[in-house]
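See structure below.
The values are calculated or read from the model by the stated rules, or taken from the named source; none is laboratory data. All of these numbers come straight from a predicted model, not from anything done at the bench. All Cβ positions, even for glycine, are placed from backbone atoms using ideal geometry, and neighbour counts span all protein chains on display. SASA here: full protein model, heavy atoms, side chains in, ligands and nucleic acids out. Shrake-Rupley method; radii C 1.70, N 1.55, O 1.52, S 1.80 Å.
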Amino acid sequence: MRLTFLGHAAFMLESAGLTIVIDPFITGNPQAPANLQIKPDHILVTHGHGDHIGDTLTLARQSDATVIAVFELANYFARQGVKAHAMHIGGTHDFGSFKVKLTQALHGNSVGGDKGPAEYLGNPCGFLITVNGKTVYHAGDTGLFGDMKLIGSMHDIDVALLPIGDNFTMGPTDALEAVKMLNPQVVVPMHYNTFPLITQDPLAFKQAVEKETVAKVNVLQPGESMEI
């Protein structure tokens, strides 16, 4: 399985003809790779903020992809005329070639709000995605929470995608504590350096994690991939 970082909190998982995109913020993302071509089968969206919904509707319409999200957000996408599969936190669904379990995330979940009232769409979430026996945890936008220890004890996490940008999410110090609770094999930092407000040093984070835990940190550049 190949994991590709698309900048900010956007990732693509590819395995044997299956393409999953998570939080596809491409248009307007200064980190997004140039001339990026994506044709997803499924799109996972952690919450409704613009830097996470991103190009979901465009991609879903172009490729007839199914959007997977919490109930209220999935219904929002369905109202826009795209295929959507609704779930909720704690639930797992087997999609045949992969399984998804939703986890909690400490954040907000709304669409709009820049030029008018925001539409609140339930809880934000994270995703545990299992493909061919390998599990990737995308934490979504979240602060540190104690149940990460439970997530780590119940699931063998091969790769944890964790925000480190601070201000809107965990910063590097809290993300280090998350690694200790989740106990993944590999950590990929995300949600940093897209904008000045979330500037961080991922190499310093890598050094701290690898000094204090057994996990390895892979700092991916936008457009760069790793095999799982």
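Remark: the Ser225-Glu177 segment gains 14.7 nm on full extension, using 0.36 nm per residue and subtracting the alpha carbon distance.
Averaging the sequence gap over all C-alpha pairs within less than 8 Å and six or more residues apart, then dividing by the number of residues, gives the chain a relative contact order of 17 percent. Scaled against 2.2 N^0.38 Å for its residue count N, the alpha carbon radius of gyration of the range 1-128 is 0.99.
In summary, the lysines within cross-link reach of Lys101, defined as a Cα separation below 18 angstrom excluding same-chain residues under 8 places away, comprise Lys134, Lys149. For Asn75 and Ala118, the FRET efficiency from 1/(1 + (r/R0)^6), where r spans their Cβ atoms and R0 equals 22 Å, is about 0.85. Relative to the longest principal axis of the Cα atoms of the chain, the long axis of helix 202-212 lies at roughly 50 degrees. Per residue, the convex hull around the alpha carbon atoms of the chain comes to 113 Å³. Dipole orientation for the range 109-182: of the candidates Leu144, Met154, Asn109, Met154 has the Cα lying most toward the positive pole (charges on Cβ; Lys, Arg +1; Asp, Glu -1).
For the pair Lys211 and Leu57, what calculated FRET efficiency results from E = 1/(1 + (r/R0)^6), where r is the Cβ-Cβ distance and R0 = 45 Å, to the nearest 0.05?
According to the calculation, E is roughly 0.60.
The apolar share of the surface of the chain, taken as the fraction of accessible area on carbon and sulfur atoms (1.4 Å probe, ligands and nucleic acids excluded), comes to 48 percent.
Using Cβ point charges alone (K and R +1, D and E -1), the dipole size of the chain about the Cα centre works out to roughly 300 debye. Rounded to the nearest 20, the Cβ-based charge dipole of the range 130-175 about its Cα centre (Lys and Arg +1, Asp and Glu -1) stands at 120 debye.
For Gln37 and His93, what is the calculated FRET efficiency with R₀ set at 30 Å and r taken between the beta-carbons, to the nearest 0.05?
For R0 = 30 Å, the calculated efficiency reads 0.60.
Highest average first, the peptides 99-109, 122-132, 76-86 ordered by how many other beta carbon atoms sit within 10 Å of their residues are 122-132, 99-109, 76-86.
Which residue, chosen from Gln185, His8, Ala65, occupies the Cα position most advanced towards the positive end of the dipole of the chain, where the dipole is computed from +1 (Lys, Arg) and -1 (Asp, Glu) charges on Cβ about the Cα centre? Toward the positive end, the furthest listed residue is Ala65.
Normalised per residue, the accessible area of the range 69-217 is 46 Å², obtained with a 1.4 Å probe and no contribution from ligands, DNA or RNA. Put a plus charge on the Cβ of each Lys and Arg, a minus charge on the Cβ of each Asp and Glu, and nothing anywhere else: the dipole of the range 119-228 about its Cα centre is then about 220 debye. A simple spin-label model places the labels of Leu150 and Leu203 4.0 nm from each other, with each point 7 Å out along Cα-to-Cβ. Relative to the longest principal axis of the Cα atoms of the chain, the long axis of helix 172-182 lies at roughly 90 degrees.
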